[in-house]
Each structure stands twice: as structure tokens, then as C-alpha cells.
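Note sheet for the following structure.
The values are calculated or read from the model by the stated rules, or taken from the named source; none is laboratory data. What you are looking at is a predicted structure, and each value in this text was computed from that prediction instead of being measured. Glycine gets a Cβ as well: all are built from the backbone with ideal geometry, and neighbour counts include every protein chain shown. For the accessible areas, the whole protein counts, side chains as well, though only heavy atoms, and no ligand, DNA or RNA atoms are used. Shrake-Rupley method; radii C 1.70, N 1.55, O 1.52, S 1.80 Å.
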Amino acid sequence: MVQRNGTTTPRSRPPRPLALCALLVGALATATACGSDTGDGASSPPASSVAAASSAATTSSDTATSSVSTTPRSERPVSHSAKPPTASAHTSPSHASSSAPAAASGARRICSKEQLTLTVGRMDVGAGNVYLPLVLTNKGTSTCTLTGFPGVSLLDSAGSAIGDPATRRGPTHSTVSLPPGGSASTSLHTLNEGMTDTPCRRTPAEIRAYPPDSFGAMKAPARSFRVCGGVFEVEAVQSGTGT
């Protein structure tokens, strides 16, 4: 209120809406000027561009996170950090090495031709059958074993085989362990002459025998042994000389 000459005159006020509009226009002008000129000559990007860039960055981050989380386990980088070895890793080799000698000591050592001598025992004739023992003796300095059937053929004086080799007769016996000087035996079997209509073979000069599990042949005199009646068999080796 202003008093002039004793008269009170009300002050005129501009309409408030117009004042608000003026303030908004001024603010917009200031913002536009700041956005257009940053002081170093470079113009700042519009607000829409900033929002788009922020959205793109957020999308890329989400995509990267999704690709990492969905990568198969087999394609993920493997950690190269070594775990400390466990006690079993250190004890297993020593256990294996300690058990190896035990396994080797329990292995069966087969008698070779070089360790053996072959001799012919006393012929046994009776009830139409003829048996001739063959004795294998360990002449070596270490124990060896024999298991199964030997291979036996009859040879003439020229070294040629007379007829087929002996066929196997009877069961296989248990393994025979031969210490130095020990013996094992097998028996040849045939029939007496005239027991069948099958004629006898020629009288052999030698007996050729392959010890069980051996490819080396040994020879011994055949004496008067010959195959008759179409029967020529050999039994499995067993302990002793067979006499």
C-alpha cells in the first residue's frame, strides 16, 4: 500500500501466471545456452543420446552377464591352481613297488630243456598193455616246475618220425615242483602185439620228447619199445620217477 496525499492507493500486481511463464522461459533459455556451449567449444550430446547410450551400455552388460552364466562348464577356463597332493598319491607307488617283488617271487618258473635230462625207465608189460616211463630230472641249480603233457614222437635211425605223435591219456595232474636233482615222470602207453588186427609200427631208434611248455626237444634211446594195436598215448607228468 502506498499513501500519496493522504490517499491510499493499492499497488498493482502482475498476474502470477505470467510471472511463472517468464521464469520457465528464462530457465529454458539458460539450459539451452549451457547445453549448446560448454566453454571449451565442444557441444554436449542431447539428453536423448545420453539416455540411448546408457540403455545400450546396460544392455551390453546384461548380454555379457548372460553369456558368461550360460557358457557350458566344459568351455569355461580351467583353473590351473594345483591342489595339494593327497597322502594316497604318495603311498600308492611305494605300495605297488613293494608288492611287485612278491608277485615276481610267486611266479611259476617253467623248467627249460637246458635244465633237464631225459632218461627211459623200466618197461612194464601186463594184461595186454605196455607202459614205458620217461623221467625228467632237474640238473640245474634252481627250482623249476612242470605242468601238463609232454609232446612225444618216435624216430628212426635217420631221425624221421615214425607215425603220428602220442595222444594225451588221462587227466592233467597238479604242477610238479622240481628242486635241483628232483625228478618227474610220464608214461608212454601202447598195446601188446596181436591184441588187435592193427599191425605194429617199425621199431624206433629214439624217443623225442618236448617237456611241457617247452619248444626244445630232448632225445633218449627207444630200447625195445614200439607201437602196436594203433595205440600210442602219453600221460601227464607227475612227481617221482614212475618206477
Response to the item:
Probe 1.4 Å, all chains present, heavy atoms only: Ser214 accessible area in Å², nearest 10, is 30
Worksheet entry | Solvent-accessible ranking of Met195, Met123, largest area first, probe 1.4 Å | Met195, Met123
Worksheet, complete the sentence: Summed over the other residues with a beta carbon less than 12 angstrom from that of Thr117, with K and R at +1 and D and E at -1, the charge totals +2
Fill in: Protein-only accessible surface order, largest first, of His189, His173 at 1.4 Å
His173, His189
Practice prompt. Work out, step by step, the length gained on full extension between Asp156 and Ala220: first 0.36 nm times the residue separation, then minus their alpha carbon distance; give nm to one decimal.
Written response: 21.8 nm
Worksheet item: Around Thr143, what is the net charge, scoring Lys/Arg as +1 and Asp/Glu as -1 over all other residues with Cβ under 12 Å from its Cβ?
Response: +2
Worksheet, complete the sentence: Answer check: region 112-171, Cα atoms, Kirkwood Rh, Rg/Rh ratio of 1.00
Worksheet entry | Around Gly229: net Lys/Arg minus Asp/Glu count, Cβ-Cβ under 12 Å | -1
Worksheet entry | Estimated distance in nm for a label pair at Arg168 and Thr119, the labels positioned 7 Å out from Cα along Cα-to-Cβ | 2.8
Worksheet, complete the sentence: Of the accessible area of region 140-232, computed with a 1.4 Å probe and all protein chains kept, carbon and sulfur make up a percent value of 49
